[in-house]
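For reference, the structure is listed below as structure tokens.
What follows is calculated from the coordinates using simple rules that are stated; it is not laboratory data. None of these values were measured; they are calculated from a predicted model. Glycine gets a Cβ as well: all are built from the backbone with ideal geometry, and neighbour counts include every protein chain shown.
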Amino acid sequence: MKAAFFRLPRKVQLRELPLPKPGPGEVLVRVARCGVCGSDVAAFHSERSPWHRRGHEFSGIVEQAGPGCSLRPGSLVAGIGSISCGKCRNCRDGSPRLCEAPLGCGHDAFAEFVCKPQQFFFPCPSLTPDEASLLEPLTVAMELAADAGVGPGSTACVIGAGPIGLMALSLCRAVGASRVYVSHPSAGTARRRAARKLGAARIISPDKQDLASTLPSFEPDGIGHVLVTAKPSDVIADAVRFAAMGATIAFVGMEWKPSAALRFDVDRFHFRKLRLVGSNHNPCGPLYPRAAELLRTRQVDAAAVISHHFPLARIEQAFQKADSRAAVVKIIVACSQGVQP
């Protein structure tokens, strides 16, 4: 089987590997689709590492199931990004959402096949392979919208209209938010266009307009729910300035460096009774059934998020294309031939 190996920055090659054989409780899956995550793109251009494998947003067809497995060959499944450990204090206390040591699915799905324990596969017969590959990132958006407390009649602002932000926009609209504003740089034309189609009340260009002074001209009482998918240290200070009394600011954007710090008006934060929530979807497994239903019913439209497909043989070009923010929303790599969209 073929699998992609990465040496960062900016090197990728396909290698031939032996086809894994599933053992007891394991499933061999022919990978149909694997999404290029924003973290993959950032790592590809800026990190340094020896050769390794990547890919965690994937769907595929069960090829072979080992002894003790209930999944059957031919079934469409999605990789579950993480599950609770079941052993830590929070899991034992009945709060698996706050698991301190989630078990990860691994990062190796830019390949023709993967072999993993059955617990890391979610059957999704009602979805297409494209839709199923969005389940893992969709759970990030679901947790973000939930942590921000968005509900009927809410005013919300999504900062960053990448795939997570666009799906979060759809979720805000689906739960009945009255107005959802989007902030995204003017160069990101494809993502701004997608946000407009998905119902953004207004799209603001933070590189051309001061976000904190522009939003109050539309919402004098402030924004009640702020969903941040951009770099937190760049935008949370602005969110504190335009947030409504009692608002919640939730963020998934990561800095990936221990020295990163937030600087904002603490007095305003205090007197406006604001909440700042770090949103983390791990473990995400429990969110998959609802995520699948959102995709099946088109409350989250996969076609609005996926802009490009590349075959595994052209994965280097896929990563180069992913850095073209003007044209790209999300890239999906088709890892195996003969699997229909």
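A few notes on this one:
- Charge dipole magnitude, Cβ of K and R +1, D and E -1 - the range 35-144, Cα centre, debye nearest 20: 440 debye
- Point-to-point label distance, Arg89-Lys2, nm (Cα→Cβ direction, 7 Å offset): 5.0 nm
- Straightening the chain between Arg15 and Gln119 buys 34.7 nm, computed as 0.36 nm per residue apart minus the Cα-Cα spacing.
- A cut-off of 5 Å between modelled amide H atoms, ignoring neighbours fewer than 5 places along the same chain, links Arg53 with Phe6.
- Each DSSP beta bridge with both residues in the chain is either parallel or antiparallel, and the antiparallel ones are about 55%.
- Under-5 Å amide H pairs with Cys157, H placed in peptide plane, nonlocal only: Tyr181, His225, Val226, Leu227
- Averaged over residues, the count of other Cβ atoms within 10 Å places the peptides 149-159, 128-138 in the sequence 128-138, 149-159, highest first.
- Percent RCO, i.e. relative contact order, over the range 138-278, from Cα pairs under 8 Å lying at least 6 residues apart: 23 percent
- For the range 247-333, the percent of C-alpha pairs falling in each 10 Å distance bin, counted from 0 to the bin holding the largest distance, reads 12, 23, 34, 24, 6, 1.
- Rounded to the nearest 10 degrees, the angle from helix 135-148 to the longest Cα principal axis of the chain is 20 degrees.
- Relative contact order of the range 90-212, defined on C-alpha pairs under 8 angstrom at six or more residues apart (%): 17 percent
- Computed from the Cβ-Cβ distance with R0 of 30 Å, the FRET efficiency linking Gln317 to Trp256 stands at 0.75.
- Across all C-alpha atoms in the chain, the radius of gyration and Dmax reach 20.3, 63 Å.
- DSSP bridge pairs, the range 60-183: antiparallel proportion in percent, nearest 5: 60 percent
- Scoring 83-92, 50-59, 321-330 by mean Cβ neighbours within 10 Å over their residues and listing the highest first yields 50-59, 321-330, 83-92.
- Rg/Rh for the range 107-186, where both radii come from Cα atoms and Rh is the Kirkwood radius: 1.08
- Note on the chain: with a GNM built from Cα contacts shorter than 10 Å, the maximum mean-square fluctuation among Arg30, Arg196, Arg15 falls on Arg15.
- The dipole here belongs to the range 138-278: it is taken about the Cα centre, uses +1 on the Cβ of Lys and Arg and -1 on the Cβ of Asp and Glu, and is about 380 debye.
- Charged-residue dipole, Cβ positions (Lys, Arg, Asp, Glu), the chain about Cα centre, Debye nearest 20: 320 debye
- Volume in Å³ per residue [convex hull over Cα atoms, computed for the range 138-278]: 101 Å³
- Cross-link partners of Lys2 among lysines, defined as those whose alpha carbon lies under 18 angstrom from its own and excluding same-chain residues fewer than eight positions apart: Lys11, Lys21, Lys116.
- Karplus-based coupling profile of the range 42-47, in residue order and whole Hz: 4, 5, 4, 9, 10, 8, with θ = phi - 60° in 6.51 cos²θ - 1.76 cosθ + 1.60 and x standing for Gly or Pro.
- Scalar couplings 3J(HN,Hα) for the range 92-106, obtained by applying the Karplus form with A = 6.51, B = -1.76, C = 1.60 to θ = phi - 60°, are 5, 8, x, 10, x, 4, 9, 3, 8, 9, x, 8, x, 6, x Hz; x denotes Gly and Pro.
- Taking every C-alpha pair closer than 8 Å and separated by at least 6 residues, the mean separation divided by the residue count of the chain gives a relative contact order of 19 percent.
- Contour minus Cα-Cα distance for Gln299 and Arg272 (0.36 nm per residue): 6.4 nm
- Efficiency of FRET from Cβ geometry, Arg290 and Asp210, R₀ 35 Å, rounded to 0.05: 0.40
- Simple rule: put +1 on each Lys or Arg Cβ and -1 on each Asp or Glu Cβ in the chain, find the dipole, and look at Ser154, Ala292, Thr248; the Cα lying farthest toward the positive end is Ala292.
- Folded to 0 to 90 degrees: helix 232-242 orientation relative to the chain principal axis, Cα: 40 degrees
- Residues whose amide H comes within less than 5 Å of that of Ala243, counting only those at least five positions distant or on another chain, are Ile223 (H built at 1.01 Å from N in the peptide plane).
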